Amino acid sequence: MTSTAPSPTVPDRVDEPLGTVVLDGVSKWFGDQLAVDSLDLRVEPGEFLSLLGPSGCGKTTTLRMLAGFEHPDEGGIRISGNSVLGLPPYRRDVNTVFQAFALFPHLSVAENVGYGLVQKRVAKSEIRDRVVEALDLVQMRRFADRKPTMLSGGQQQRVALARAIINRPSVLLLDEPLGALDRQLREEMQVELKLLQSRLGMTFVFVTHDQEEALSMSDRVAVMREGRLEQLADAHTVYGEPASAYVAGFIGRQNFFEGTADAVGALVTAHGTVRGREAVPTGTTAKAAIRPEDVTVEAAASGPSGGEENAVHGRLAGVSHLGDTLQYLVELGDGFTLLCRRPRPGAPALEPGDAVRASWHASSVLLFHT
Amino acid sequence: MTSQITTPRPRQDASRTPPSRKRQGKWWLPKPLLALPAWAWLLIFFVAPVGQVLWFSFGYKPGIFGTHANDVLSFDRYAEALSPTFFLTFQNTLWVGIAGTLICLIIAFPVAYWMALKAPLSRRGLLIALVMVPYWANFLVRTIGWQVILAPEGWLSHLLQGLGLTNEPLEILYTRTAVLIGVVYNYLPLMILPLFVAFDRVELPLREASKDLGANRWSTLTQVTIPLAKPGIIVGCLLVFIPLMGDYITATVLGGARGNMIGQLVASQFQTAQNWALGSAMAVLLMLIILLTVAVAALIVWVASRPFAWRRRLVIGEDS
Ligand SMILES: Nc1ncnc2c1ncn2[C@@H]1O[C@H](COP(=O)(O)OP(=O)(O)OP(=O)(O)O)[C@@H](O)[C@H]1O
Ligand SMILES: [Mg+2]
């Protein structure tokens with residue numbers, strides 16, 4: 001394990017506004033495993049940034065380095081322009097909402113929320129006022145004098161939130177704070193959390209492995225993979241213009257076709273020819289990605305005709321209801337299944353077993369080099 | 001298309017009552033009966049012997065060959081027991097009991113804290129085994145081991161003289177200090193283990209949350225770790241203090257005449273003097289003293305912690 005001193009290239013103080021978070025080539029090893037790999041990231045003040053990625057990609061480790069529970073082996077971290085290298089958690093202007101809430105079982109809800117102010121030796125009357133204010137903010141005033149063990153998961157979540165914001169940190173770190181909640185409560189809390197963030201104007205760094213959650217709440221999403229940053233962009237860009245096949249596959253569902261480019265730059269795959277907006281250099285291999293909602297299905301009028309681009313023929317294996325959309329599974333042979341989603345009104349009435357034709361526009365094809 | 005309005009079902013039927021408790025479980029036995037083995041154990045091994053001792057203590061020693069008789073009941077044995085020797089021994093016992101418990105706590109606290117919260121997880125089994133190793137040897141043998149070490153001609157004495165730390169042979173065997181060393185050594189694991197379990201149960205995220213909220217190490221220790229470990233600390237102190245007060249082996253082997261403890265007085269009445277009545281009275285007094293000391297200690301700790309508790313308390317109450 002390497003434990004290098006703070007790198008000399010990182011100055012102690014840079015002129016950056018309150019609430020800016022900068023990670024500068026940050027790496028972290030656990031034994032011989034690289035958990036975070038030269039991560040560069042800049043979070044703007046007041047921004048809602050999500051760290052999104054599969055389990056084990058280093059999201060929590062990144063957050064813990066910001067909070068001060070882990071120390072980077074390489075690189076520098078600045079919060080509000082100050083280097084925090086070597087600074088213990090209790091001296092950082094950040095607070096954390098922990099995944100399992102970590103409420104103190106021996107203290108009441110109010111005492112939990114007031115804990116941070118007690119540490120700052122704030123006068124008791126002021127603590128009281130601010131605790132009430134924070135509890136009102138998360139609608140938990142009624143439960144102020146209860147012990148946290150007597151609360152439901154969602155209520156504990158709110159208390160953890162109130163406790164973390166009472167110190168008015170310039171940056172709030174949240175590690176899958178909604179992970180323990182059921183779906184409905186989760187969606188409610190997503191909205192509340194987002195509202196709270198814009199009201200407080202705090203920088204939020206939000207860890208999740210739920211892409212829908214990340215897309216719906218964040219100003220920008222940082223997609224991570226094996227400790228590295230894959231893409232950093234707003235939800236629209238991450239969804240519409242993923243930087244890699246990995247991001248494309250992680251955000252939403254995708255139909256992937258792999259093949260080799262022909263003379264005109266279209267991709268020849270096992271299931272037909274796919275043409276995108278741009279031509280692929282002849283002879284190179286590439287991956288085409290098409291979102292299920294960009295694919296239309298219809299009953300096949302005739303058998304497959306040779307030379308048709310961006311269309312495949314197959315047999316309908318199943319139709320499932322996803323609420324406001326219908327999802328069609330089209331079997332193309334060799335066990336390859338194409339996904340297609342159509343909005344419920346106007347969705348074609350097809351029965352499993354029907355011969356179908358699925359097609360899409362060249363403009364909806366994303367191409368990635370392999 | 002027909003427009004159909006569904007009427008909501010009443011959410012709660014006023015006539016509904018919670019199901020009767022009898023029908024809830026499949027146990028047809030009343031719940032207290034489930035504790036029968038525990039009650040039996042308590043009755044046979046605690047209530048009965050203590051009751052017998054109590055009964056004997058109101059009797060007398062009938063003659064040179066009898067051990068006890070209860071045809072005349074009186075408190076005379078208690079008056080007899082409360083002799084100057086008893087008070088002296090009582091003072092000594094209390095001193096050893098309190099000092100021994102405190103020293104055990106002071107030593108065990110950092111050790112258990114380190115074992116539970118700082119030592120690598122993979123070494124834990126080994127550390128617990130090391131704490132338990134002395135227990136593999138017989139209590140008496142362990143104590144005699146200290147007799148050998150602390151003797152004026154023992155190796156510790158020679159070592160200290162050799163190092164020039166003292167000029168005379170070590171003179172602590174058969175003193176209160178020797179007893180204290182013996183009991184701390186003998187009872188330390190009984191303090192370390194409950195403290196270890198208590199600290200182990202204070203989860204890391206709780207201590208991290210504390211630091212995250214601005215508490216330094218000391219504040220985290222006093223405001224999160226110790227309050228949460230409190231039951232374990234109390235158990236450890238009781239587990240050491242109570243048997244220590246009644247211990248007579250350590251005192252017999254290491255204390256000699258100057259390191260006498262009440263346990264020895266009781267034992268000698270039962271074994272040497274064959275006066276079970278007096279021995280029982282002394283045993284009852286010992287139990288009362290232990291209960292009283294624990295109660296007083298609890299009161300002192302409670303009173304001393306009040307100012308802190310009041311300062312921490314934050315009651316919001318209902319909406320105003
Ligand atoms: N304390 C630790 N000791 C050893 N390895 C660790 C430690 N913490 C994390 N790791 C490893 O570092 C990698 C990144 O872990 P991290 O907890 O940051 O993942 P994550 O993205 O938060 O995953 P999840 O979504 O499951 O919470 C993982 O492979 C993990 O095994
Ligand atoms: Mg994690």
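No lab work stands behind these numbers, since they all come straight from the coordinates. Predicted model only: the values in this text are computed from it and were never measured. Here the Cβ positions follow ideal geometry from the backbone for every residue, glycine too, while neighbour counts run over all protein chains shown.
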note = With the charge dipole of the protein assembly as shown built from beta-carbon charges (+1 for Lys and Arg, -1 for Asp and Glu) about the Cα centre, the Cα from A:Phe204, A:Asn82, B:Gly145 projecting farthest to the positive end belongs to B:Gly145
key: Proximal aspartates and glutamates relative to B:Lys61, as straight alpha-carbon distance under 17 Å, when same-chain residues fewer than 8 apart are discounted   = B:Asp71, B:Asp76, B:Glu80
remark   = Residues meeting the amide H criterion for B:Leu213 (H placed from the backbone, H to H distance under 5 Å, 5 or more places apart or on another chain) are none
Computed FRET value (nearest 0.05) for A:Thr260 with A:Glu187, which takes r as the C-beta separation and R₀ as 45 Å = 0.55
inquiry  = Run the simple label-point estimate for B:Leu54 and B:Val197 please: 7 Å along Cα→C-beta, distance reported in nm.
reply    = 2.9 nm
ask   = Residue farthest toward the positive end of the dipole of chain A, with Cβ of Lys/Arg at +1 and Asp/Glu at -1: which of A:Ala299, A:Val247, A:Pro54?
value = A:Pro54
key: Kirkwood-Stokes translational diffusion coefficient of the range B:23-117, alpha-carbon pairs, 4 °C, 1.567 mPa s, µm²/s   = 69 µm²/s
message = So for the range A:201-319, considering every pair of alpha-carbon atoms, how many percent are separated by more than 25 Å?
response = 39 percent
message = Show me, for the range B:218-223, the HN-Hα J-couplings you get by feeding each phi into the Karplus relation (A = 6.51, B = -1.76, C = 1.60, θ = phi - 60°), rounded to Hz, glycine and proline as x.
response = 5, 5, 5, 4, 7, 9
note = Relative to the compact-globule estimate 2.2 N^0.38 Å (N residues), the Cα gyration radius of the range B:182-320 stands at a ratio of 1.49
query = Using +1 on the beta carbon of Lys and Arg, -1 on that of Asp and Glu, and nothing else charged, what's the dipole of chain A about the Cα centre, debye to 20?
reply = 1380 debye
ask   = Mind checking which helices in chain B clear 27 Å along their axis (Cα) and have mean Kyte-Doolittle hydropathy of 1.6 or more, DSSP H runs only?
value = B:226-246, B:276-312
ask   = Can you work out the FRET efficiency for the pair A:Glu278 and A:Leu322, with r the C-beta to C-beta distance and R0 = 25 Å, to the nearest 0.05?
value = 0.20
Cα→Cβ-extended label distance, 7 Å offset, between A:Ser198 and B:Asp71, nm = 9.8 nm
ask   = What residues have an amide H closer than 5 Å to that of A:Glu70, excluding those fewer than 5 places away on the same chain, when H is modeled at 1.01 Å from N in the peptide plane?
value = A:Met65
query = Using only the Cα atoms, what convex hull volume per residue in Å³ does the protein assembly as shown have?
reply = 312 Å³
query = Per q in 0.13, 0.16 1/Å, what log10 I(q)/I(0) does a Debye calculation on the alpha-carbon atoms of the range A:105-226 return?
reply = -0.53, -0.79
note = In whole µm²/s, the translational diffusion coefficient that Stokes-Einstein assigns to chain B, given a Kirkwood hydrodynamic radius over C-alpha pairs, 4 °C and 1.567 mPa s, equals 52 µm²/s
task = Using the Cα centre as the reference, give the magnitude of the dipole from point charges on the C-beta atoms of the protein assembly as shown (Lys, Arg: +1; Asp, Glu: -1; all else neutral), rounded to the nearest 20 debye.
result = 2700 debye
Most positive-pole-ward Cα, A:Ala261, A:Gly227, B:His68, against dipole of the protein assembly as shown from beta carbon charges = B:His68
message = Explain nothing, just compute: Karplus ³J(HN,Hα) = 6.51 cos²θ - 1.76 cosθ + 1.60, θ = phi - 60°, for every residue of the range A:17-34 in order, whole Hz, x for Gly and Pro.
response = x, 3, x, 7, 10, 10, 10, 10, x, 7, 10, 9, 9, 10, x, 9, 9, 8
query = For chain B, what does -39500 (n - 2.57) per DSSP helix run (n ≥ 4), summed and divided by total residues, give at 222 nm, in deg cm²/dmol to the nearest 500?
reply = -19500 deg cm²/dmol
query = Relative to the compact globular guide of 2.2 N^0.38 Å, what is the alpha carbon radius of gyration of chain A, as a ratio?
reply = 1.20
ask   = Taking amide hydrogens as modeled 1.01 Å from N in the peptide plane, which residues meet the under 5 Å criterion relative to A:Val97, leaving out close sequence neighbours?
value = A:Leu173, A:Leu174, A:Asp175
query = Once you have the alpha carbon radius of gyration of the range B:96-260, what is it after dividing by 2.2 N^0.38 Å, with N set to its residue count?
reply = 1.23
note = Expressed in angstrom and rounded, the centroid-to-centroid distance over alpha carbons for the range B:222-300 and the range A:324-370 is 81 Å
note = Here, trypsin sites (Lys or Arg not before Pro) of the range A:196-299 satisfying both criteria (DSSP loop; at most 15 other Cβ within 10 Å) are A:Arg253, A:Arg277
key: In range of the label at B:Val315: residues from the range A:126-157 whose backbone nitrogen is under 15 Å from the point 7 Å along Cα→Cβ   = A:144-147
ask   = What is the list of residues in the range B:77-99 whose amide nitrogen lies under 18 Å from a point 7 angstrom out from the Cα of B:Ile226, following Cα to Cβ?
value = none
request  = Please report, largest first and rounded to whole Å, the three semi-axes of the ellipsoid equivalent to the range A:253-369, where each semi-axis is the square root of five times an eigenvalue of the C-alpha gyration tensor.
outcome  = 25, 15, 11
ask   = With chain B treated as a Gaussian network of Cα nodes joined by springs under 10 Å, which of B:Lys61, B:Lys230, B:Lys31 yields the largest mean-square fluctuation?
value = B:Lys31
key: Two-site label geometry, B:Tyr78 and B:Lys118: point separation in nm, points 7 Å out along Cα→Cβ   = 5.0 nm
task = Work out the length of the dipole vector of chain B about its Cα centre, built from +1 on the beta-carbon of each Lys and Arg and -1 on the beta-carbon of each Asp and Glu, and round it to the nearest 20 debye.
result = 1600 debye
request  = Whole number please: convex hull volume per residue, Cα atoms of the range B:207-280, in Å³.
outcome  = 121 Å³
query = Got a sec to turn the phi values of the range A:171-177 into Karplus ³J(HN,Hα) couplings, 6.51 cos²θ - 1.76 cosθ + 1.60 with θ = phi - 60°, whole Hz, x for Gly and Pro?
reply = 9, 10, 9, 10, 9, 6, x
ask   = Across 5 Å bins from 0, what is the distribution of all Cα-Cα pair distances for the range B:98-165, in whole percents?
value = 3, 13, 12, 15, 19, 18, 13, 5, 1
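Note the per residue figure in Å³ for the convex hull of the C-alpha positions in the range A:15-121.
Considering the Cα atoms of the range A:15-121, their hull volume per residue is 136 Å³.
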ask   = Which residues in the range A:17-32 place their backbone N less than 17 Å from a point set 7 Å from the Cα of A:Ser38 along the Cα-to-Cβ direction?
value = A:23-29
